[in-house]
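A short worksheet on the structure shown next.
The values are calculated or read from the model by the stated rules, or taken from the named source; none is laboratory data. Predicted, not measured: the structure shown is a model, and the values here were computed from it. Don't worry about glycine lacking a Cβ; one is built from the backbone with ideal geometry, like all the others, and counts go over all protein chains shown.
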Amino acid sequence: MPRWADLEVAQRGAWVATLVAAVLVLAGWALSRWPGDRHWLTTAFTYSPQALWPLLPLGALVWALVARIWPAAALDLAMLAIALLGPGGLCLNPGRSPQSPELAVVSHNLFGQAERADEFALAEWLQCDVICLQETDADGFEGLLPGYVEARAGDLRTFVRGRILSTERISPGMRGLPDSLATEVEVAAGRLQVLNVHIEMSQPEMSYPYWRRLWPDYLRHTVRVREVQYAAIHEWLAAQELPVIVAGDFNTPPPSRFCRRMSESLTDCFSAAGRGTGYTFVPHGIPVFRIDYIWAGRGLQPASCRVGPSGPSDHRSVIAQMRFAGGEGGGS
């Protein structure tokens, strides 16, 4: 076959790849927002790995460059930017040092590796006033966090460099789902409320083996389960008067309506003050999603936010520095 014919086939293929990638990126982004997780089929778009979206136009871009189809390459570049800034979750906040941060918070899902706590970034944790940990089934912190007091509920543990004034379990009211851990604390900068959260994706009987058989039912179920747990969070938030932090593993990526509703009353610290994609779920070391958050609200302003190392967990930590609004603590 003549070489010109091979080139023509490659050029047609490049255009097809470009158009398919563009349709998937635009349709996926739109459908993940509406109807999003209101329908089981578009729920799959909403909870699909964020890291996959930029790969679609990136692959088409490479093809277009090899085939020297410059208009297709330009369209691929535009779709790549949309994929990164939209479903990919890229944040472009300016890199600046926080001005006199008054409060530092870290949240980390240890994936049941508490007995290996010394392998985590303890030096970074010890720079924080509040440490929120999830999936800490074992006792592995004896002597590792000097100067901190602890509250615990199930596999949630909150450590505070200061005082814990009260502790409360927030129940989602559905069988098989864990409580959240609410603590009123006093640190050097003032008083605040801290809610340590681990959102489950399903009840135990509807876990992985079940959804392999009935995928649509599982997707509907996981949305209902999230609705119950997020409703309990919002009910708790409505009753608070002190500055508030909500931190933990939310098992929900930013495009979901649940995260959008959270942002109505709270500030996602990474979206407001982080840089990059900030993916926190890293199975087998591969960044996939941003599903761990620190939310600031009711008198707190994020100054900086970043993701830290994962250690032996499949989650990376989230570390945020913030200031009390107006430079004043939450009272005495």
Is at least one residue of region 100-114 β-branched (Val, Ile, Thr) and either in contact with a strand residue (DSSP E or B) (Cβ under 7 Å, 6 or more places away or on another chain) or part of a loop (DSSP other than H, G, I, E, B) (or both)?
yes
Run down Ala182, Ala138 and say which single residue is on the phi < 0 side of the Ramachandran plot, among the small types (Gly, Ala, Ser) and not in a strand (DSSP E or B).
Ala138
Quick check: is even one residue across region 281-288 surrounded by fewer than 24 Cβ atoms within 10 Å (Cβ to Cβ), in contact with a Phe, Trp or Tyr (Cβ under 6 Å, 6 or more places away or on another chain) and either outside the structural domain of Leu110 (by TED's automatic domain parsing) or of a type in the set (Phe, Trp, Tyr) (or both)?
yes
Residue by residue through region 29-68, note down the ones that are of a type in the set (Val, Ile, Thr) and surrounded by fewer than 22 Cβ atoms within 10 Å (Cβ to Cβ).
Thr42, Val62, Val66
Across (1) surrounded by fewer than 19 Cβ atoms within 10 Å (Cβ to Cβ); (2) assigned by TED's automatic domain parsing to the domain that holds Phe270, Tyr148 clears everything bar (1)
Among all residue pairs at least 6 apart or on different chains, which show Cβ distances below 8 Å where the first residue, located in region 301-312, is in contact (Cβ under 8 Å) with a residue 12 or more places away in the chain and at positive phi and the second is in a loop (DSSP other than H, G, I, E, B) and not polar (S, T, N, Q)?
Gly311/Leu110; Gly311/Phe120; Gly311/Ala121
In region 163-189, the residues that are at pLDDT 95 or above, among the small types (Gly, Ala, Ser) and crowded, with 19+ Cβ neighbours inside 10 Å
Ser180, Ala182
When both residues are 6+ apart or on different chains and their Cβ atoms are under 7 Å apart, which pairs have a first residue that lies in region 131-142 and is under 10 Å from Gly112 (Cα atoms) and in contact (Cβ under 8 Å) with a residue 60 or more places away in the chain, and a second that is surrounded by fewer than 21 Cβ atoms within 10 Å (Cβ to Cβ) and not acidic (Asp, Glu)?
Glu135/Phe111; Glu135/Gly112
Give the residues of region 32-55 that are modelled with pLDDT under 90 and part of a helix (DSSP H, G or I), sorted by residue number.
Ser32, Arg33, Trp40, Leu41, Ala44, Phe45
With more than 14 Å from the chain's Cα centre (by Cα) and surrounded by fewer than 22 Cβ atoms within 10 Å (Cβ to Cβ) as the only criterion, which of Arg275, Arg298, Arg260 stands out?
Arg298
Result of the Cβ filter at 7 Å on region 46-65, keeping first residues that are hydroxyl-bearing (Ser, Thr, Tyr) and partners that are assigned to a helix (DSSP H, G or I) and at pLDDT below 95, at least 6 apart or interchain, is Thr46/Ser32; Thr46/Gly36; Thr46/Asp37
Suppose we keep only residues that are in contact (Cβ under 8 Å) with a residue 40 or more places away in the chain and β-branched (Val, Ile, Thr) within region 143-189. Which one would you say is nearest to Glu235 (Cα to Cα)?
Ile170
Looking only at residues that are at pLDDT 95 or above and among the charged types (D, E, K, R) in region 283-322, which one is nearest to Asp137 (Cα to Cα)?
Asp314
